[in-house]
1. What's the extension gain from His68 to Arg208 if we count 0.36 nm per residue and subtract their Cα-Cα distance?
2. Got a sec? How would Trp67, Trp234, Trp107 order by Cβ neighbour count within 10 Å, fewest to most?
3. Ranked by Cβ crowding within 10 angstrom, fewest neighbours first, how are Phe89, Phe196 ordered?
4. If you add up the charges near Lys36, with Lys and Arg at +1 and Asp and Glu at -1, over every other residue whose beta carbon is less than 11 angstrom from its beta carbon, what do you get?
5. Under the 0.36 nm per residue contour assumption, what length would be gained going from the current alpha-carbon distance of Thr189 and Lys94 to full extension?
6. With +1 on each Lys and Arg Cβ and -1 on each Asp and Glu Cβ, how big is the dipole of segment 3-266 about its Cα centre, in debye rounded to the nearest 20?
7. For a paramagnetic label modelled at 7 Å from the Cα of Ile138 toward its Cβ, which residues of segment 17-31 fall within the zone defined by backbone nitrogen distances under 14 Å?
8. Can you pull the one-decimal nm distance between simple spin-label points at Phe167 and Ala269, each 7 Å off the Cα toward Cβ?
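Quick note: the coordinates plus some simple rules give every number you see, no bench work behind them. Only a predicted model underlies this, so the values are computations on that prediction, with no experimental measurement involved. Here the Cβ positions follow ideal geometry from the backbone for every residue, glycine too, while neighbour counts run over all protein chains shown.
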Amino acid sequence: MNLNEIAACLKGSAVLPLQIIREIGSSTAALFAVFKGKNGPRLELAGTGTLISDGQSHFILTAAHVWHKALKSAVEVGISITDDIDHQFLMDVKTIVPFGPAKTSGWDEWGPDIIFLRIPTEHLGTIKAYKSLYDPKIDGNRAAKTDRIDRIEVDVLMGTPHALGKFTKTHADVQIAGFFTVGAARYHTRGGFDYFDCVIDSSYPEVRKLGGVSGGGLWAVRLCNSPTSGTIEWIRTLEGVAFYQLPDENGRPSIRCHGPETIRAAMPAK
């Protein structure tokens, strides 16, 4: 199968993009802030996170404002761990340790707006039973092996748009969505941080404001022809974390993400 045939499959098939999004979604979680008061508990969608494994340490990577403006002041942090089944998975916010660049005076289009939340050890078994934690070293090495292979690369932004959810005070029915970008994401640096700006080719016309997508991962997906089976195989690489919605571009939503160098610099030292 040549590159033109792979491109045709990607563009013309409803199955292949869904398979890619489902695989990336295995490392993606919706994040909820749970508050408790006189009138009972209250649940709020805070944003999106990527589950990261780094040796013996495990984290949720998200936007810093998701932590500081929502999760930090909650009693518990809830994450989604499976699809299509009502479930509840909560962590005491006091047991979660944050790591990241120093918070600035505000949350603007330049950040820095990235944070790693260490997952308490007692919750890892359940999370690993349902989710796949992304390991930058292992998956990065897999991607490097395709550097000299003819391939097609696409970018996918994962997130939990508030607009696609249904909410009550104590229940949320949300959808973790994958958005393919229009063209290549634009890379640039400023003040010691790197960024990707990406225009979203939204399959959801009702999604104009991407609240809830903050903290979602921007993934580079390499598609190539398997040398053994002749079928299409793909390798995912985490390239960014979404944190700010820019003005629309040609009627399409545009999102700014911190890039891979910022992710590497923000990752806690062992």
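1. Working: separation 140, 0.36 × 140 = 50.40 nm, distance 2.44 nm.
Full extension of this stretch gives 48.0 nm more.
2. Numbers: Trp67 29, Trp234 21, Trp107 17.
The order, fewest Cβ neighbours first, is Trp107, Trp234, Trp67.
3. Values: Phe89 17, Phe196 25.
The fewest-first ordering by Cβ neighbours comes to Phe89, Phe196.
4. Working: positive: Lys38, Arg42; negative: Glu76.
So the environment of Lys36 carries a net charge of +1.
5. Length gained, Thr189 through Lys94: 30.8 nm.
6. Details: 28 positive and 29 negative charges, 122 e Å.
Dipole of segment 3-266, to the nearest 20 debye: 580 debye.
7. What the label zone holds, given the 14 Å backbone N cut-off, is 27.
8. It is 3.9 nm.
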